1. So for segment 175-185 (the condition being modelled with pLDDT under 85, outside any helix (DSSP H, G or I) and more than 30 Å from Thr62 (Cα to Cα)), does at least one residue qualify?
2. Taking segment 112-147 as the region of interest, how many residues are surrounded by 11 or more Cβ atoms within 10 Å (Cβ to Cβ) and in a helix (DSSP H, G or I)?
3. Tally time: how many residues in segment 148-165 are in contact with a Gly (Cβ under 8 Å, 6 or more places away or on another chain) and either closer than 15 Å to Ala120 by Cβ or exposed (fewer than 12 other Cβ atoms within 10 Å of the Cβ) (or both)?
4. Which residue is surrounded by the most Cβ atoms within 10 Å (Cβ to Cβ), if the candidates are limited to segment 18-50 and must be at pLDDT 85 or above and not in a helix (DSSP H, G or I)?
5. Quick check on segment 120-149: of everything there that is in contact (Cβ under 8 Å) with a residue 40 or more places away in the chain and out of contact with any Asp or Glu (no Cβ under 9 Å at 6 or more places or on another chain), which residue is farthest from Tyr107 (Cα to Cα)?
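The values are calculated or read from the model by the stated rules, or taken from the named source; none is laboratory data. As the structure is a prediction and not an experimental result, all values here were calculated from the model. Because the Cβ atoms are built from the backbone with ideal geometry, glycine has one as well, and the counts that use them run over all protein chains shown.
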Amino acid sequence: MELSSLLAGALVIVGWHAGAWSTSRTVGHALFLSAAFLWACFTVVMRQAKLDPLHAAALVSTASLAISPPIYLALYGARLAQVPRPDMAVQAVFQGVLMTIVSLLLYGRAVTILGASGGAAFGALVPTLSALFAIPLLGERPNETDWVDIVLISAGVYLASGGPVPSRRQRESRPSLQALARCAQSHQPASCVGE
């Protein structure tokens, strides 16, 4: 059920925008799917290798530090020297510490606690949280389709992470509001335990 809710959210996104399909949109979706695939690989490998979250964050951070700067310098050369130092410092703290170390550490701990599938399900909340944060930070309001996606994806994440769903038997065994009201009016709460 949880997978169907996540899939429904994805299908709403794709189906709603089918009329406005373009090459750049296709490339964007392909990049997003590629990133999701790589996160899934990271999650499974980390869980299978039984890596401590701190070690996983250290491995990713070290590899990123070794690989990213040479590629950036080869592609963009001296542009880095033109960036104002305060902007560079903010990005170094945000990207280098918060995103690379803290988020990986927290993600690794979540996967350790919830398991690979339960922890990975929360990755689907990235677009949902981005849409919600864009309201106060960027003044961008989600449209009707976005709200449907937010609800469907959030429900799928809740279910995939093991959130309890009351069964029919549990719903039927709960006292009705009328029974609770009668109990409260009877002034004998002990006699209402079985209702």
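1. So far as segment 175-185 goes, yes, one or more of its residues are modelled with pLDDT under 85, outside any helix (DSSP H, G or I) and more than 30 Å from Thr62 (Cα to Cα).
2. Number of matching residues: 25.
3. Within segment 148-165, residues that are in contact with a Gly (Cβ under 8 Å, 6 or more places away or on another chain) and either closer than 15 Å to Ala120 by Cβ or exposed (fewer than 12 other Cβ atoms within 10 Å of the Cβ) (or both) number 5.
4. Residue satisfying both the conditions and the ranking: Ala49.
5. Filtering segment 120-149 down to residues in contact (Cβ under 8 Å) with a residue 40 or more places away in the chain leaves 120-121, 123-124, 145, 148-149.
Next cut, out of contact with any Asp or Glu (no Cβ under 9 Å at 6 or more places or on another chain) only: 120, 123-124, 145, 148-149.
Values: Ala120: 9, Gly123: 9, Ala124: 13, Thr145: 29, Val148: 26, Asp149: 23 Å.
That would be Thr145.
Residues checked against (1) exposed (fewer than 12 other Cβ atoms within 10 Å of the Cβ); (2) out of contact with any strand residue (DSSP E or B) (no Cβ under 8 Å at 6 or more places or on another chain); (3) of a type outside the set (Gly, Ala, Ser):
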position: Ala74; (1), (2), (3): yes, yes, no
position: Gln82; (1), (2), (3): yes, yes, yes
position: Pro86; (1), (2), (3): yes, yes, yes
position: Gln91; (1), (2), (3): no, yes, yes
position: Thr100; (1), (2), (3): no, yes, yes
position: Leu104; (1), (2), (3): no, yes, yes
position: Gly108; (1), (2), (3): no, yes, no
